[in-house]
Amino acid sequence: MSFAEEFEANLVSLAHVLQKKYSLLRDLDKSLQENQRQNEQRCEKEIEDIRRGRTGNITPSSTSLTQFSEEALDEQKHSVRIADEKVALAMQAYDLVDMHVQQLDQCMKKSEEIRKEKEAAAAALELENSEKAGKAGEGGRGGRKKTRLATAASTAATSTGVTSSNMDLDLPVDPNEPTYCVCNQVSYGEMVACDNNECKIEWFHFGCVGLKEQPKGKWYCPDCATVKKSRKGR
């Protein structure tokens, strides 16, 4: 059960508990009012009796004109006890509501933290996907990858013994697949990168540039090699 579901379940039970406490408060209030009414009537009667000289079981007081009977005093004490019980019930109801308010604050705080975590995770995933997409579409060396179509073309070329220089790719080609080399074909087989950072083509099929294995050291495509030689001859 999640925190929100647990809070909702507790909130439903809170309504029933408060209903019982408020009902008990109403009963206590009725009892208190009745007890106060009886006590007022008893005290008024005792005061009237004292005025008329019929003291009965009333004990005269030397410090005051009247002293109420034990019954009247007990009724007053009972009223105080009822009032104290009402206050205690009211405090209990307040504490219950306050506890649920604090739980609601925690639930909202937790929900906000979860929302921020999800947003951060989504942003990180979007950034990661953007970086991957950027690397996949880079024009720099090592950024280009063979596709399945390119691999299939390479396999077909190997099985038929056709060299990359005169190979005609009859296999379907992904229109989004980038092309390379002087033949302007997709990547297949083994390829070599030109070490001229300003090379417009950059990647070449071995067969198209007369290579059978990976060259050692720096390698320049025919165009870049020609330009390099012309610059040295100046």
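All of the numbers you see were taken from the coordinates with simple rules; none came from a lab. Owing to the predicted nature of the structure, the values given are computational and were not obtained by experimental measurement. Counting neighbours? That spans all protein chains shown, and the Cβs are built from the backbone with ideal geometry, glycine included.
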- Item | Euclidean distance between Cα centres, region 196-234 to region 102-133, Å | 50 Å
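Within 15 Å, Cβ to Cβ, of residue 120, how many net charges do the neighbouring residues add up to if Lys/Arg are +1 and Asp/Glu are -1? Don't skip to the answer; put the middle values down first.
Working: positive: 115, 116, 118; negative: 112, 113, 117, 119, 126, 128.
For residues surrounding residue 120, the net value is -3.
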- Message: Show me, for region 206-214, the HN-Hα J-couplings you get by feeding each phi into the Karplus relation (A = 6.51, B = -1.76, C = 1.60, θ = phi - 60°), rounded to Hz, glycine and proline as x.
- Response: 3, x, 6, 10, x, 9, 10, 8, 5
- Stokes-Einstein translational diffusion, region 84-127 - Kirkwood Rh over all Cα pairs, 1.567 mPa s, 4 °C, in µm²/s: 100 µm²/s
- Message: Given points 7 Å out from each Cα along the Cα-Cβ axis, report the residue 177 to residue 33 separation in nanometres with one decimal.
- Response: 9.1 nm
- Message: Highest mean first, how do 113-119, 208-214, 193-199 rank when packing is the count of other Cβ atoms within 10 Å averaged over residues?
- Response: 193-199, 208-214, 113-119
- Item | Segment residue 71-residue 212, extension gain: residue separation times 0.36 nm, minus the distance between their alpha carbons | 38.6 nm
- Residues meeting the amide H criterion for residue 186 (H placed from the backbone, H to H distance under 5 Å, 5 or more places apart or on another chain) are 180
- Item | Placed amide H near residue 67: partners under 5 Å, 5+ positions off or other chain | 61
